[in-house]
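The values are calculated or read from the model by the stated rules, or taken from the named source; none is laboratory data. Computed from a prediction, not measured in an experiment: that's the story for all the values here. Glycine also receives a Cβ, built like all others from the backbone with ideal geometry; neighbour counts cover every protein chain displayed. Just the protein is used for accessible areas: all its heavy atoms, side chains included, with ligands, DNA and RNA removed. Shrake-Rupley method; radii C 1.70, N 1.55, O 1.52, S 1.80 Å.
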Amino acid sequence: MAKNVLIVDDAAFMRMMIKDILTKNGYNIAAEAENGKIAVDMLEKSKPGYYQLILMDVQMPEMDGYEASKRIRALKDEKLSSIPILAMTANAFEEDKQEALKSGMDGHIAKPIDIEKLFDTLSMALS
């Protein structure tokens, strides 16, 4: 069964590229959001369990990925608050990875995207 993924990135090209890669490999892109605020709103309005994974850019206008992840982790519904969140960012230093984990994200994928690492990270997050 295809996993429903929410892609959160302010760059339309990046959303399109990730969507193309994932759909060709059996994932369903359930929704896209241009910033963290929209993503949190979408998740709060969704049926618990609808999304199985969030791919979250870190640097976005209005609400960045760190803040969005903290708000998602604070949601009252455990199915919503425990959804796997993977950071997607050009910030690939160890401190960036640690900041992602500290904000509640489950993993880190550096941009430009390494396809093999993307699928390894997705597999770990969804297992």
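In this structure, Ile21 and Leu126 have a Cβ-Cβ separation that, at R0 = 22 Å, corresponds to a calculated FRET efficiency of about 0.90.
Loop-located GluC sites (Glu not before Pro) across region 23-127 with a Cβ neighbour count of 16 or fewer within 10 Å are Glu62, with loop assigned by DSSP.
By accessible area, using a 1.4 Å probe on protein heavy atoms only, the chain has 52% of its surface on carbon and sulfur. Which label belongs to the value computed from this structure, given these candidates for Cα extents along the principal axes in Å: [x] 35, 34, 28; [y] 42, 37, 23; [z] 60, 33, 28? So the calculated entry is the one marked [x]. Loop-located trypsin sites (Lys or Arg not before Pro) in region 44-105 (DSSP state other than H, G, I, E, B) with a sparse environment of at most 11 neighbouring Cβ atoms within 10 Å: Lys76. Probing with 1.4 Å while keeping every protein chain in the model, the per residue accessible area of the chain equals 53 Å².
Taking other residues whose beta carbon is less than 12 angstrom from the beta carbon of Met16, and scoring Lys, Arg as +1 and Asp, Glu as -1, yields -1.
Placing pseudo-labels 7 Å out from each Cα toward the beta carbon at Glu95 and Lys70 gives an inter-label distance of 1.8 nm.
Once you keep just the Cα pairs under 8 angstrom separated by 6 or more residues, what percentage relative contact order results for the chain?
21 percent
Since only Ala68, Leu126, Ala110 are under comparison, the one whose Cα sits farthest along the positive direction of the charge dipole of region 68-127, derived from C-beta charges on Lys, Arg, Asp and Glu, is Ala68.
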